[in-house]
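Contents: one structure, followed by commentary.
The values are calculated or read from the model by the stated rules, or taken from the named source; none is laboratory data. Here the structure is a predicted model, which means the values were calculated and not measured. Reconstructed Cβ throughout: ideal geometry from the backbone, glycine too, with neighbour counts over all protein chains shown. These accessible areas exclude ligands, DNA and RNA; they are computed on the full protein's heavy atoms, side chains included. Shrake-Rupley method; radii C 1.70, N 1.55, O 1.52, S 1.80 Å.
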Amino acid sequence: MIKNVFIIFITAIFVAACAKKEAIFFLQGNAQGTSYHISYVSKDKIVSKKQIDSLLADIDRSMSAWIPNSIISRINNNEKDVIIDDYFRTVFNKAVEVSDKTKGDFDITVGPLINAWGFGPATKKTLNKRKLDSLLPLVNYKMLSLQHSKIVKEKPEIKIDFNAIAQGYSVDVLADFFQKKGITHYLVELGGEIKSNGKKIKEEWKVGIEQPDEENASDRKLQAIVNLGNRALATSGNYRKFYREGNQKFSHIINPKTGYPAKHNLLSTTVIANDAITADAYATAFMVMGLQKSIDFVEKNKELNLEVFFIYDEKGKWKTYISPGLMKRIKTVS
């Protein structure tokens with residue numbers, strides 16, 4: 001009788017364990033000069049903040065120009081025999097692909113200009129047209145090549161800048177990490193770049209797109225809400241990183257063809273793509289292109305499967321453009 005009771009007791013514990021319900025677990029922290037927020041659905045907390053921080057640190061050691069001994073810094077400093085890793089290779093190849101597609105409106109050799117305008121690790125210097133004109137011959141992605149795991153530069157002064165693409169790729173790396181752990185329901189956000197998969201238990205993952213308000217950075221209102229599904233999203237805007245000198249505003253998004261910060265009526269670009277590295281790169285490219293050129297690009301390159309939400313200024317009033325494929329999955333707030 002005692003033996004039977006014991007068996008029944010063990011069986012009850014086993015059934016209870018098998019019936020354990022899924023829950024949403026949260027991770028957050030700071031990395032790459034910004035913050036990350038991750039939600040995932042699982043029966044147990046099987047991913048730790050330490051694991052996430054370690055992955056992001058590995059990526060920084062490859063592609064952060066702010067770390068003196070990173071791979072990208074060593075290449076920019078013309079150290080000999082620098083072997084790139086898989087992180088660097090993936091981002092470099094994607095950057096070249098996007099540069100080819102956009103005819104150079106996206107260009108990772110914009111590094112000298114980024115530094116000159118004060119948005120890179122180098123100290124900002126006094127700028128004039130003559131100085132900028134001297135830097136433009138250093139900006140052309142076609143002067144870079146990948147040969148036997150080494151980056152070859154045609155000119156030693158060329159400097160690579162991955163800021164417009166590496167954060168999106170970092171999101172993809174984290175998403176892939178969850179997939180390998182057997183977690184298929186998650187939302188990963190890093191610095192505003194997002195990738196989601198599956199569902200938030202019983203509902204879809206929904207993502208907010210903020211208004212381009214440069215005055216209230218900590219309390220921006222939402223412009224729209226997107227049902228993201230199994231896709232990635234990135235937003236770029238001239239209101240995020242900038243500084244003022246006198247009456248002039250200078251944005252961190254530099255036009256690689258003119259050498260000057262991109263300036264037109266397009267205030268922010270949100271791009272939805274299959275992966276975050278693609279969304280991130282094109283969000284920046286479209287800020288350089290401007291409104292109509294970006295709309296035409298999306299329509300002519302349907303094979304990229306891009307969906308876009310643009311906020312632009314028309315005679316002092318904010319207006320929006322939503323690509324047709326996104327209409328059913330987006331709700332404007334105001």
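Observations on the structure shown:
- Förster radius 45 Å - calculated FRET efficiency between residue 148 and residue 34, Cβ distance, rounded to 0.05: 0.85
- Each peptide in 161-174, 256-269, 138-151 gets a packing score, the mean of other Cβ atoms within 10 Å over its residues, and the list from highest to lowest is 161-174, 256-269, 138-151.
- Hits among lysines - C-alpha to C-alpha of residue 80 under 26 Å, sequence gap 8 or more where chains match: 94, 142, 150, 153, 155, 159
- Modelled FRET efficiency - R0 30 Å, residue 131 with residue 69, Cβ distances, 0.05 increments: 0.55
- Most mobile listed residue (118, 198, 33) in the chain, GNM with C-alpha springs under 10 Å: 33
- Peptide packing: for 326-333, 230-237, the average count of neighbouring Cβ atoms within 10 Å per residue gives the ranking 230-237, 326-333, highest mean first.
- Where N is the number of residues in the chain, Cα Rg divided by 2.2 N^0.38 Å: 1.13
- Based on every Cα atom in segment 113-213, Rg and the maximum pairwise Cα distance Dmax equal 19.7, 59 Å.
- Residues in the chain average 52 Å² of solvent-accessible surface per residue, probe 1.4 Å, ligands and nucleic acids excluded.
- Lysines whose Cα lies under 16 Å from that of residue 202, excluding same-chain neighbours fewer than 8 positions away: 21, 43
- Amide H within-cut-off set for residue 254, under 5 Å, with H built and near neighbours excluded: 262
- Sulfur and carbon atoms: percent of accessible area, the chain [1.4 Å]: 53
- Global size of segment 16-164: 19.7, 74 Å for Rg and Dmax (C-alpha atoms, Rg to one decimal, Dmax whole).
- Only lysine pairs 8 or more places apart or on separate chains count here, and in segment 252-334 those with Cα atoms under 25 Å apart total 23.
- Its Cα centre serving as origin, the chain has a Cβ charge dipole (Lys and Arg +1, Asp and Glu -1) of approximately 340 debye.
- Springs between Cα atoms under 10 Å define the GNM used for the chain, and in it the highest mean-square fluctuation of 306, 27, 190 occurs at 27.
- Those aspartates and glutamates that a straight Cα-Cα span of less than 15 Å connects to residue 45, excepting residues fewer than 8 apart in one chain: 22
- Contact order for the chain, expressed relative to its length and based on alpha carbon pairs under 8 Å spaced 6+ residues apart, stands at 15 percent.
- Of the trypsin sites (Lys or Arg not before Pro) found in segment 22-72, the ones in coil according to DSSP and having at most 16 other Cβ atoms within 10 Å of their Cβ are 43, 45.
- Per DSSP, loop trypsin sites (Lys or Arg not before Pro) in segment 80-138 with at most 15 further Cβ within 10 Å: 80, 103, 124, 125
- Sequence-ordered 3J(HN,Hα) estimates for segment 178-186 from the Karplus curve with 6.51, -1.76 and 1.60 and θ = phi - 60° stand at 5, 4, 5, 7, x, 9, 10, 10, 7 Hz, glycine and proline given as x.
- GNM top mover of 111, 290, 316 - the chain, alpha-carbon springs below 10 Å: 316
- Expressed as a fraction of 2.2 N^0.38 Å, the value expected for a compact globular protein of N residues, the C-alpha radius of gyration of segment 68-150 is 1.17.
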